[in-house]
Amino acid sequence: MKTDQKKLAAIVPKLRGPRIAVVGDFMLDRYVWGAATRLSPEAPVPVVDFMNETQVLGGAGNVAANLAGLGATVLPFGVTGEDEAARGIRDCLATLGITSKGLLADARRMTTVKTRIIARQQQIVRVDRERRSPLSPPARGNSDSAH
């Protein structure tokens, strides 16, 4: 048992500091926090009184954040829009000390945002804002749409 602990103690420091590329869908996860104490008169749904809103990295951004938390140098690669949510992703990355140079901003695309409405620590609903269509040829790195 002590031999295994010594091996582990020798291996763990070597895991710190690797450069890892994360390629994927970088999205913003938003959480709207509130209290629901009544039902809407228009439909049988709770009315959530807004208290707070938070945002964190979602999708591949969450993977990047976890890797950075383990001490890796993360190089993110993906496509966002040129919108407020993309700025939110870049802000979250900067807060974690992760570069955003590998994120391509495409003005023809919206940045994926998944908003969760939470009341009494329970998710009421999730609203997804995303475009599932393939990337445009320029965003893919070519100008020929036949590829």
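Summary table
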item: Only listed residue being closer than 17 Å to residue 26 by Cβ, more than 15 Å from the chain's Cα centre (by Cα) and open to solvent by 30 Å² or more (accessible area, probe 1.4 Å), chosen from 132, 87, 120; result: 132
item: Conditions (1) within 24 Å of residue 141 (Cβ to Cβ); (2) open to solvent by less than 10 Å² (accessible area, probe 1.4 Å); (3) of a type in the set (Val, Ile, Thr); (4) in contact (Cβ under 8 Å) with a residue 60 or more places away in the chain: number failed by residue 113; result: (1)
item: Inter-residue pairs, beta-carbon under 8 Å, first of a type in the set (Asp, Glu) and in the range 3-26, second modelled with pLDDT of 90 or more, 6+ apart; result: 25/59; 25/60; 25/78; 25/112
item: Residue identified as hydrophobic (A, V, I, L, M, F, W, C), under 22 Å from residue 132 (Cα atoms) and without any contact (Cβ under 8 Å) to a residue 60 or more places away in the chain among 57, 93; result: 57
item: Matching helices (runs of 4 or more DSSP H) fully within the range 60-147 where at least 2 residues are farther than 27 Å from residue 17 by Cα and modelled with pLDDT under 95; result: 137-140
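The values are calculated or read from the model by the stated rules, or taken from the named source; none is laboratory data. Note that the coordinates shown come from a computational prediction; the quantities given were computed from them, not determined experimentally. A quick note on method: Cβ atoms are made from the backbone with ideal geometry, for glycine too, and the neighbour counts reach across all protein chains shown. Only protein heavy atoms, including side chains, enter the accessible area calculation; ligands, DNA and RNA are left aside. Shrake-Rupley method; radii C 1.70, N 1.55, O 1.52, S 1.80 Å.
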